[in-house]
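Please read the structure below before turning to the comments.
The values are calculated or read from the model by the stated rules, or taken from the named source; none is laboratory data. Bear in mind the structure is a predicted one, so any value in this text is a computation, not a measurement. Here Cβ is always computed from backbone atoms with ideal geometry, including for glycine, and neighbour counts include all displayed protein chains. Ligands, DNA and RNA are excluded from the accessible area calculation, which covers all protein heavy atoms including side chains. Shrake-Rupley method; radii C 1.70, N 1.55, O 1.52, S 1.80 Å.
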Amino acid sequence: METVDYGTFEATLERSRRLEQALERDPARFLVLTGDRPTGRLHVGHLFGSLENRVRLQRMGVPIFVVIADYQVLTDRECADDIEDSVHQLVVDYVAAGLDPENGRTFIFPHSHVPELNQLLLPFLTLVTNAELSRNPTVKEEIRASGQQQINAAMYTYPVHQAADILFCKATVVPVGKDQLPHLELTRTIARRFNARYGGEKPVFPEPQPLLSDAPSILGLDGSEKMSKSRNNAVMLSFSEDETTACIKTAKTDMDRLITYDTVKRPEVANLLLLLSLCTKKAPEALASEIGDVGASRLKSLLSDALNEYLRPLRQRRRDLETDPQFIHGVLRKGITRAREVAQQTLAEVRQAMGMAYEVDRNHRRPGPGDAVTHVPEAGS
Ligand code: TRP
């Protein structure tokens, strides 16, 4: 077997740029699959980092499946507290941010509810080696970050499950951040190996391509690498305006009163300028010189106002959706129904290709409309 090629970042970036152009030319030819683990509400890092990009693709006319990876939550913890609420809130955030499950092209579903997708995991597991799974750099990092002594097997196998999330619908494009690239490379490898082993003339799976967004990554307000609710350094989409202002007041800055945009020497100040720039559509350098030497508190108050204004329509939609749980349930029902139709079709092709689409004994066939009713003797009679 050829080994999984985790590739170079530059080559992927270049391919991704060309893919972006192809998407603009002919959006309906592609199918996008993206997703998240439901670990809590979303924050502005998610909004600027991935949500807005999904909405942009949707508006271009690309069909989109969004998988809520609820089983994946259990890779680094024993139980997913309030998982139902997390899933619900995630859908609220998605729809408030502009994903439109009523357009007939956008489907949102939790993978736990699509048995045929999960079943793809079994044949896929036979296409990778243990060594390949243990080498995955993102998994290694997550094991380190979890601080756990005992690592469950799903931590190593979830990237294969993610391949099922992506391949069940034969997605061709997966928008990703850098940390997800190893998983996508593994998915491509699984698609290739399946086709080579079982595909014969006709490949069953396309090789999905990563779409790296040029969206900036937003640091935590404490200057740490990532915004995250658990680190208490995030502006949540669900915050009120006062909570937003209070939260930004706690942001870490430095002693220099002159505001400059320097991502290397002053990452915390640069991060606030970047957020302000995303809300106002002005360049961060220009914003820095407008602010001048009045200190970081002025920058913070400008940012609170700008963010509150930028998020106002989203937050209004959020509040409306929160009072309408039936609508959110309907979104999931529609997503699950569509995902199952597609997954059943794919699983049938997979079984066919593997020689496992057995002709079942006549008497065990499900009765069709023209069939005579046969008497099945009771056990023991
Ligand atoms: N692993 C992703 C994360 O941790 C979530 C995910 C699950 C996903 N399945 C996916 C992302 C399929 C993209 C495509 O964020």
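Among the listed pairs 140/334; 229/265; 249/281; 178/281; 170/334, give every one whose C-alpha distance is greater than 30 Å.
140/334
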Checklist outcome for this item: Whole-percent carbon and sulfur contribution to the accessible surface of region 76-166 (1.4 Å, no ligands, DNA or RNA) stands at 49 percent
Next on the checklist: For the chain, set up a GNM with springs between Cα atoms under 10 Å and report which of 127, 258, 211 has the largest fluctuation.
Outcome noted: 258
Checklist outcome for this item: Looking only at aspartates and glutamates whose Cα falls under 16 Å of residue 226's and that sit 8 or more positions away or on another chain, we get 36, 141, 142, 179, 268
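Please sort 137-145, 163-171, 100-108 by packing, taking for each peptide the average over its residues of neighbouring beta carbons within 10 angstrom, highest first.
163-171, 100-108, 137-145
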Checklist outcome for this item: Hydrodynamic calc, region 124-207: Kirkwood Rh from Cα pairs, then Stokes-Einstein at 10 °C with viscosity 1.306 mPa s, so D in µm² s⁻¹ is 117 µm²/s
Checklist entry - Counting only protein heavy atoms, what percent of the accessible surface of region 241-322 is carbon or sulfur at a 1.4 Å probe? => result 54 percent
Next on the checklist: Less than 21 Å apart at the alpha-carbon level, and either on another chain or at least 8 residues along: which lysines does that give for residue 282?
Outcome noted: 300
Checklist entry - Between 317, 25, 333, which gets the highest mean-square fluctuation from a Gaussian network model of the chain, Cα cutoff 10 Å? => result 25
Checklist outcome for this item: The Rg/Rh figure for region 1-141, Cα atoms and Kirkwood Rh, to two decimals is 0.98
Item to check | Stokes-Einstein D for region 137-280, Kirkwood Rh over Cα pairs, 25 °C, 0.890 mPa s (µm²/s) | outcome: 132 µm²/s
Checklist entry - Based solely on its DSSP helices, what 222 nm [θ] is calculated for the chain when runs of n ≥ 4 H residues each add -39,500 (n - 2.57) and the sum is averaged over all residues, nearest 500 deg cm²/dmol? => result -15500 deg cm²/dmol
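Provide the per residue accessible area, probe 1.4 Å, for the chain, rounded to a whole number of square angstrom.
Result: 53 Å² per residue.
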Checklist entry - Hey, what's the Kirkwood Rh for region 241-322 if you take every pair of different alpha carbons, in angstrom? => result 13.1 Å
Item to check | Burial order of peptide ranges 54-61, 260-267, 302-309 (average beta-carbon count within 10 Å, highest first) | outcome: 302-309, 54-61, 260-267
Item to check | Angle between the chain longest axis and helix 267-280 axis [Cα atoms, degrees, rounded to 10] | outcome: 80 degrees
Item to check | Within the chain, percent of DSSP bridges classed antiparallel, to nearest 5 | outcome: 5 percent
Checklist outcome for this item: Between the alpha carbon centres of region 96-138 and region 227-242 the gap in Å comes to 27 Å
Next on the checklist: Averaged across orientations, what area in nm² does the convex hull of the alpha carbons in the chain project?
Outcome noted: 25.0 nm²
